[in-house]
Amino acid sequence: MLLLTPADFDAIRLSIKVALAATALSLPLGFFFAYVMTFFKFRGKVLLEVLVNLPLTLPPVVIGYLLLIALGKNGCFAPILDALGVRLIFTWKAAVLASSVVGFPLLVRSIRIGMEGIDLHLIQASRTLGARGIDTLFTVILPLSLRGICAGSSLMLARSLGEFGATIIAAGNIPGVTQTIPLAIYDYASSPSSEAAALSLCLVAVAISVLVLLFHELLSSKLASRD
């Protein structure tokens, strides 16, 4: 039997909210970077690829700390945020940013794989028929990249649901405000008397992850049947 408290339900809702927001925020940028890195050759492309993939090699705690010093009260972006009346650090929005940065390389990589599988003759044919670049993007490249977008979004969603290191640094571990499922499990795991509660949240996390993967497989199968 699951032993879930109101705070646990808050953590579950917040985890889903953060994961969905991070995926929605990253998807347009991920598609743009994947498009540029797949179809354009330019100076500095290697540097761009290194920067995009850097979060894969950095410890999440480092990413969280960099967000903290960049967006915190005395950070380099503090004057801009203060002028706009925006507060990010130690709010659920910081958790979204942390998840977005950590999962971004997975999203871009999956979309690039989808784009690299597109037959270039189809793109050339659209150009020959008079389509502008923007028309080719939305009528040829985007539809043929849907499987990559689907895979990337699923990976991004799953990665965001499990994000811990960057989130605890940039957003904190505030119950009902920034505490996600991994942070709540961390709290329970530090107390020997809370083993059952920690296990309950672990089971919830497993169930959510299975649902995400099932949705991904069903959507991928549907898209494959259209090809």
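When the chain is treated as a GNM with alpha-carbon contacts under 10 Å, the residue of MET37, MET156, MET115 showing the greatest mean-square fluctuation is MET37. Note on GLU217 and ALA196: the extension gain reaches 4.4 nm, defined as 0.36 nm multiplied by sequence separation minus the Cα-Cα distance. Per residue, the chain reaches -24000 deg cm²/dmol at 222 nm when only DSSP H runs of four or more residues are counted, each adding -39500 (n - 2.57). With a simple spin-label model that places each label point 7 Å from the Cα along the Cα-to-Cβ direction, the separation between SER209 and GLU116 comes to 2.7 nm. In a GNM of the chain with a 10 Å cut-off on Cα contacts, which of ILE16, ILE208, ILE80 has the highest mean-square fluctuation? Maximum fluctuation in the GNM of the chain, among the listed residues, is at ILE80.
Within the shell of other residues whose beta carbon sits under 13 angstrom from the beta carbon of LEU161, the net charge comes to +2, with Lys and Arg scored +1 and Asp and Glu -1.
Largest GNM mean-square fluctuation among LEU106, LEU211, LEU27, using the chain with Cα springs under 10 Å: LEU211.
Extension gain for LEU142-LEU20 works out to 41.8 nm (0.36 nm per residue, less the C-alpha to C-alpha distance). Taking a sphere under 12 Å around the Cβ of PRO55 and counting the other residues whose Cβ falls inside, with K and R at +1 and D and E at -1, yields a net charge of +1. Farthest towards the positive end of the charge dipole of the range 6-226, among the residues CYS150, SER15, LEU183, is the Cα of CYS150, using unit charges on the Cβ of Lys, Arg, Asp and Glu. Over the range 42-131, all Cα pairs binned in 5 Å intervals from 0 give whole-percent P(r) values of 3, 11, 15, 15, 14, 13, 10, 6, 6, 6, 1, listed from short to long. Diffusion coefficient (Stokes-Einstein, Kirkwood radius over C-alpha pairs, 25 °C, 0.890 mPa s) for the range 171-223: 194 µm²/s, rounded to a whole number. Counted by Cβ distance under 13 Å from ALA125, the other residues give a net charge of -1, where Lys and Arg count +1 and Asp and Glu count -1. Rounded to the nearest 20, the Cβ-based charge dipole of the chain about its Cα centre (Lys and Arg +1, Asp and Glu -1) stands at 700 debye. Computed over the Cα atoms of the chain, pair by distinct pair, the Kirkwood hydrodynamic radius stands at 19.2 angstrom. Considering every alpha-carbon pair of the range 29-80, the percent of pairs per 5 Å bin, from zero through the bin containing the longest distance, is 4, 17, 17, 17, 17, 16, 10, 2.
Coordinate-derived values only; no laboratory data. Since the model is a prediction, treat every value here as computed from it, not as a measurement. Please note: Cβ atoms are built from the backbone with ideal geometry, for glycine as well, and neighbour counts cover all protein chains shown.
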